[in-house]
Amino acid sequence: QRKHAVKKAKDGQVLLDVSRGNIRITATGALVGDTPADSGALNPQGYRITGKTTKYNIVVEPKVKTELTFENSDISCATTDSLNVSHADVTITLVGKNRLYCTKEQSNALTKDGMDGSLTLRCVNSGQKGHKCDAACGSITVQGVGYHVGALGNSIKNRTNPKESGFCNFTIEGGNVTALGGEHCPAIGLPAGRNIMFHHVMPKIFISREEM
């Protein structure tokens, strides 16, 4: 099977350019399109996402635990979720200006379905004593445009599925985060019309007081 040449940043993260194809982060490493992008094992330092696209998206597969860095990336998707991290444990570090943009009905710019897994957004300096984010810190705009197009959270297409319904374990440790939901959808959280039979518990959403 053909492989991309493995390129790494100084911190050891594998460099992935989303303009080259759909990115999949799996338990055995990353794929860009159908082509392996690393050595065939999940890179312990994680992956650095760059590039701009209006055709491709990113999925972190369920049960995968990884760290991503978004560096001046721009992902606009009209066919599905721009980024899906459902049932995975993902930390995203923001460098520069980033954007996730979606126009597909019943999808999200950033989807995290179900009451498991976790998602954390942070800047490079998150965790440093005394740090407070300002305009110089990394940023991300997460935006859904159109009817039932969400920004960040549970997607409306899965609201009646007991394994996919719900949104929890979301943390903002740092960075400048802008979330804009489409019509009849929240910016962050659960979609309208969600079936009350499934997982109606208070989502766990945390914002670090020290850094925000």
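Would you mind listing the strands (runs of 3 or more DSSP E) fully within the stretch 10-74 where at least 2 residues are open to solvent by 40 Å² or more (accessible area, probe 1.4 Å) and closer than 25 Å to T141 by Cβ? Talk me through it step by step, then tell me what you get.
Values: elements: 14-17, 23-26, 29-32, 47-50, 58-60, 65-71.
Here the list reads 14-17, 65-71.
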(message) Need the failing condition index for L83 against (1) at pLDDT below 95; (2) among the aliphatic types (A, V, I, L, M); (3) surrounded by 23 or more Cβ atoms within 10 Å (Cβ to Cβ), just the number.
(response) (1)
(request) State the number of residues belonging to the stretch 125-147 that are within 16 Å of A179 (Cβ to Cβ) and either of a type in the set (S, T, N, Q) or in contact with a helix residue (DSSP H, G or I) (Cβ under 7 Å, 6 or more places away or on another chain) (or both). (result) 3
(request) From (1) in contact with a Ser or Thr (Cβ under 8 Å, 6 or more places away or on another chain); (2) on the phi < 0 side of the Ramachandran plot; (3) at pLDDT below 50, pick out the condition that doesn't hold for K204. (result) (1)
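Among the residues of the stretch 87-100, what is the count of those that are in a loop (DSSP other than H, G, I, E, B) and of a type in the set (A, V, I, L, M, F, W, C)? Working first, answer last.
If we filter the stretch 87-100 for residues that are in a loop (DSSP other than H, G, I, E, B), which is where we start, we get 87-88, 96.
Narrowing further to those that are of a type in the set (A, V, I, L, M, F, W, C): 88.
The total comes to 1.
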(request) Collect the residues in the stretch 36-58 that are closer than 22 Å to N72 by Cα and modelled with pLDDT under 95, keeping them in residue-number order. (result) A37, D38
(message) Cβ-Cβ distance below 6 Å, separation of 6 or more or different chains: which pairs start in the stretch 4-26 with a residue that is of a type in the set (G, A, S) and end on one that is assigned to a strand (DSSP E or B) and surrounded by fewer than 17 Cβ atoms within 10 Å (Cβ to Cβ)?
(response) S19/K52
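To keep it simple, each residue is scored yes or no on (1) in contact with a strand residue (DSSP E or B) (Cβ under 6 Å, 6 or more places away or on another chain); (2) of a type in the set (A, V, I, L, M, F, W, C); (3) under 16 Å from R99 (Cβ atoms).
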| site | (1), (2), (3) |
| --- | --- |
| I140 | yes, yes, yes |
| Y147 | yes, no, no |
| K157 | no, no, no |
| P162 | no, no, no |
(request) Give the stretch 163-177 a look and list any residue that's open to solvent by 60 Å² or more (accessible area, probe 1.4 Å) and farther than 21 Å from G127 by Cα, or say none. (result) K163
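The values are calculated or read from the model by the stated rules, or taken from the named source; none is laboratory data. Note that this is a predicted model, so its numbers are computed, not measured. Glycine also receives a Cβ, built like all others from the backbone with ideal geometry; neighbour counts cover every protein chain displayed. For accessibility, only protein heavy atoms count, side chains too; no ligands or nucleic acids. Shrake-Rupley method; radii C 1.70, N 1.55, O 1.52, S 1.80 Å.
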